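Enquirer: One structure, as structure tokens, below. Some questions next.
The values are calculated or read from the model by the stated rules, or taken from the named source; none is laboratory data. Treat the numbers as computed from the prediction; the structure is a model and nothing was measured. Note that each Cβ is placed from the backbone with ideal geometry, even for glycine, and that neighbours are counted across all protein chains shown.
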Protein chains: 2
Amino acid sequence: MGAPKAFFFDIFGTIVDWREGVAREAHSILHPLGHDMIWTAFADAWRGKYQAGMEEIRSGAQPFSKLDVVHARTLEWILADFGLADISAETKHALVLAWHKLDAWPDSTRGIAMLRRQGFVAPVSNGNFSLMAALARRNNFHWDAILGAEFSRDYKPKPDVYLSACAAFDLAPEDCMMVAAHSDDLAAAKACGLQTGFIARPNEKGPGKGESKPKIAVDLAGEDLVDFANKLV
Amino acid sequence: MGAPKAFFFDIFGTIVDWREGVAREAHSILHPLGHDMIWTAFADAWRGKYQAGMEEIRSGAQPFSKLDVVHARTLEWILADFGLADISAETKHALVLAWHKLDAWPDSTRGIAMLRRQGFVAPVSNGNFSLMAALARRNNFHWDAILGAEFSRDYKPKPDVYLSACAAFDLAPEDCMMVAAHSDDLAAAKACGLQTGFIARPNEKGPGKGESKPKIAVDLAGEDLVDFANKLV
């Protein structure tokens, strides 16, 4: 395969640390209101409903809505378990916006900038435009475009999310590389004909609970995004 | 009205000089093949078919296709007038890509950077993602996102092109400002509830043939984008 002309990035877990960020924001929103809990357990529980929330849309049971709306819906599913059944609409909205305030892993910003010298760079995430734009501002990512679920109006791992991104750059799938810390995301991209790049994020879901090795054959794997970019050159 | 939280930009004519760029690229592609013509007349003629090309899609006569495809279609309409009826498919494709190689007006890059400190910045152009991304790379624009026709799957001045951009940033229209050198674009945005910013580009269509003053009441007008940004602060 030739050198990729575009790099598409998974964001949650691959580029930013959703677990510590959601836990931190939930603490800062809910603790002053008198709530206490294991904040990472709250983040894990919410993220645990992520696939089920998107599946309502992928299956056609619900019309497309941006991820912020899915997050608002899945938040409802876990509130009672954390003693939050009575929080206000404003508090719920603030919690949804926690996902706009996540910090990059230490190597992400530099790695993206390195890869941008090799080709186009764009998030192909399930996150919506405003969420992606907020994370880019917070972490100084310079994307060529934001693509992914809100552009495709469906959610990964549906093929159109990957293929619409290739088409937006006028590129064949084999000239594009999906970069992710999740083997299932890469398997779906590979089935669409994209090249695959794996980034190890072993602590994404808590210490040792992320993927440290890909479960499928990938075109390139890196210990982090800078290591990955260095291997590519 | 409050300060805009997002600035949406028309691109062709407002941010980049399509006329000199298309003329220069056409010359560099066609002159070595033995063609000669008034190159700006070729650019003017092609641009002259722009609205008719998009109207086929706005009217529903043709399904949505990205602007590169519209440009390829409208190019066919003018080839014979310039003695180009026999050029190859490769040459036609190279001409379509001329629109990816346009230079910014001297103030555009700095003006966009200044406005980016005030709010989100995004092209809301009829140009497609790959075209917008190519112009951004060439001219060092740092957009928060690319929105506009390809995202909306219709062409300005249809309301959804403006409204889908506001919605992508989770903003009400009154919190967004459309920035353009064309009164008709601003009138359409204003009808959707957006704020309006006019940039004078008196030479866009040839010396003195662009708009030096807005034909409608606008919220802010600038002699160029830096002047505009300075007035806004």
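Enquirer: Among the numbered criteria (1) aliphatic (A, V, I, L, M); (2) in a helix (DSSP H, G or I); (3) not assigned by TED's automatic domain parsing to the domain that holds B:Ser152, which one does B:Leu115 miss?
Expert: Checking B:Leu115 against (1) aliphatic (A, V, I, L, M); (2) in a helix (DSSP H, G or I); (3) not assigned by TED's automatic domain parsing to the domain that holds B:Ser152, the one that fails is (3).
Enquirer: Go through the range B:1-28 and report how many residues are of a type outside the set (Lys, Arg) and more than 18 Å from B:Glu223 (Cβ to Cβ).
Expert: Here the count works out to 17.
Enquirer: I would also like to ask the following. Starting from residues that are within 11 Å of chain B (Cβ to nearest Cβ) and not charged (D, E, K, R), keep the ones in the range A:97-118 and report whichever is nearest to A:Leu194 (Cα to Cα).
Expert: Restricting to residues being within 11 Å of chain B (Cβ to nearest Cβ) and not charged (D, E, K, R), the top hit is A:His100.
Enquirer: In the range A:216-225, is there at least one residue being on the phi > 0 side of the Ramachandran plot and in contact (Cβ under 8 Å) with a residue 24 or more places away in the chain?
Expert: No, the range A:216-225 contains no residue that is on the phi > 0 side of the Ramachandran plot and in contact (Cβ under 8 Å) with a residue 24 or more places away in the chain.
Enquirer: Quick one: would you say A:Pro63 is part of a loop (DSSP other than H, G, I, E, B) and away from chain B (no Cβ under 14 Å)?
Expert: Criteria met by A:Pro63.
Enquirer: Residue by residue through the range A:160-185, note down the ones that are free of Cβ contacts under 8 Å to residues at least 60 places away in the same chain and not in a loop (DSSP other than H, G, I, E, B).
Expert: A:Asp160, A:Val161, A:Leu163, A:Ser164, A:Ala167, A:Ala168, A:Pro173, A:Ser183, A:Asp184, listed by residue number.
Enquirer: Looking only at the range A:118-155, which residues are under 23 Å from A:Arg73 (Cα atoms), assigned to a helix (DSSP H, G or I) and of a type in the set (D, E, K, R)?
Expert: A:Glu150
Enquirer: List, please: which pairs have Cβ atoms under 7 Å, are six or more places apart or on different chains, and start with a residue in the range A:13-31 that is under 22 Å from A:Asp224 (Cα atoms) and end with one that is part of a loop (DSSP other than H, G, I, E, B) and of a type in the set (A, V, I, L, M)?
Expert: A:Gly13/A:Ala181; A:Thr14/A:Ala181; A:Val16/A:Leu102; A:Asp17/A:Leu102; A:Trp18/A:Leu102; A:Gly21/A:Leu102
Enquirer: Mind listing just one residue for me: the one in the range B:200-228 that is under 14 Å from B:Thr14 (Cα atoms) and in contact with a Leu (Cβ under 8 Å, 6 or more places away or on another chain) and, of those, surrounded by the fewest Cβ atoms within 10 Å (Cβ to Cβ)?
Expert: Checking each candidate, the answer is B:Pro214.
Enquirer: For the range A:123-153, which residues satisfy the criterion of being within 11 Å of another protein chain (Cβ to nearest Cβ), charged (D, E, K, R) and either crowded, with 24+ Cβ neighbours inside 10 Å or farther than 17 Å from A:Lys66 by Cβ (or both)?
Expert: Passing the criteria: A:Arg137, A:Asp144, A:Glu150.
Yes or no, residue by residue, for (1) over 28 Å from B:Lys5 (Cα atoms); (2) of a type outside the set (Phe, Trp, Tyr):
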{"residue": "A:Gly53", "(1), (2)": "yes, yes"}
{"residue": "A:Phe64", "(1), (2)": "no, no"}
{"residue": "A:Thr74", "(1), (2)": "yes, yes"}
{"residue": "A:Val96", "(1), (2)": "no, yes"}
{"residue": "A:Arg117", "(1), (2)": "yes, yes"}
{"residue": "A:Asn128", "(1), (2)": "no, yes"}
{"residue": "A:Trp143", "(1), (2)": "no, no"}
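Enquirer: Follow-up question, since we're still on this one. Could you check the range B:83-104 and list, in sequence order, the residues that are assigned to a helix (DSSP H, G or I) and touching a strand residue (DSSP E or B) at 6+ places or on another chain (Cβ under 9 Å)?
Expert: Initial filter on the range B:83-104 (assigned to a helix (DSSP H, G or I)): B:89-100.
Matches in the range B:83-104: B:Trp99 only.
Enquirer: Can I ask one more? Taking the range A:154-173 only, how many residues are more than 23 Å from A:Trp18 (Cα to Cα), more than 8 Å from chain B (Cβ to nearest Cβ) and in contact with a helix residue (DSSP H, G or I) (Cβ under 6 Å, 6 or more places away or on another chain)?
Expert: Residues in the range A:154-173 being more than 23 Å from A:Trp18 (Cα to Cα), more than 8 Å from chain B (Cβ to nearest Cβ) and in contact with a helix residue (DSSP H, G or I) (Cβ under 6 Å, 6 or more places away or on another chain): 4 in total.
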